[in-house]
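Quick one: the structure is below, questions incoming.
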Amino acid sequence: MYLGLFQLWNKNRFENPVDIVRKEVMLLSRIGSTHSYYKTIKDLHEWVYIEYIPSKNPLRKRSVIEMINDELKNICQVEHSRHRAFSNFLTNTISGLIAYSFFDKKTAI
């Protein structure tokens with residue numbers, strides 16, 4: 001799911017925070033149930049990979065997510081450059097996430 005959120009962040013030209021729509025994120029992440037979606041969002045929020053701010057307005061149907069990619073870019077040396085192959089993009093992003101997971105002090109938003 002994090003890669004799906006990263007794609008949306010990339011689509012919005014790396015703007016922070018990012019407005020998301022649940023259906024769009026579920027399609028990108030290939031998640032079929034809303035229970036799995038909310039559980040994964042909650043886990044990512046608890047692990048401080050994202051800051052999830054749900055919409056209080058039932059008519060809006062959007063939520064706001066702040067990405068922790070600034071930390072990844074600066075400390076873990078993950079660059080958002082154009083990769084020729086999708087596998088190179090995944091390798092670069094996942095290696096940055098692995099390096100971030102070994103930090104003792106994670107970013108608090």
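Every read-out reported here was derived from the displayed coordinates using simple, explicitly stated rules and does not represent laboratory data. Computed from a prediction, not measured in an experiment: that's the story for all the values here. Cβ: placed from backbone, ideal geometry, glycine included. Neighbour counts: every protein chain shown.
Once you have the Cα-Cα distance between residue 35 and residue 88, take 0.36 nm times their residue separation minus that, and quote the gain in nm to one decimal. Intermediate values should be presented prior to the final figure.
Numbers: separation 53, 0.36 × 53 = 19.08 nm, distance 3.13 nm.
Gain on stretching residue 35 to residue 88: 16.0 nm.
Still on this model: First measure r as the distance between the Cβ atoms of residue 104 and residue 23, then evaluate 1/(1 + (r/R0)^6) with R0 = 41 Å and state the FRET efficiency to the nearest 0.05. Each step should come with its number before you reach the end.
On the way: r = 37 Å, r/R0 = 0.91.
With R0 = 41 Å, the Cβ-Cβ based efficiency is 0.65.
Next question, about the same structure. Take residue 15 and residue 46, extend 7 Å from each Cα along the Cα→Cβ direction, and tell me the distance between the two endpoints in nm.
3.2
Going by how many other Cβ atoms sit within 10 Å of their own, how do 51, 24 line up, fewest first?
Working: 51 17, 24 14.
Least crowded to most crowded, the residues run 24, 51.
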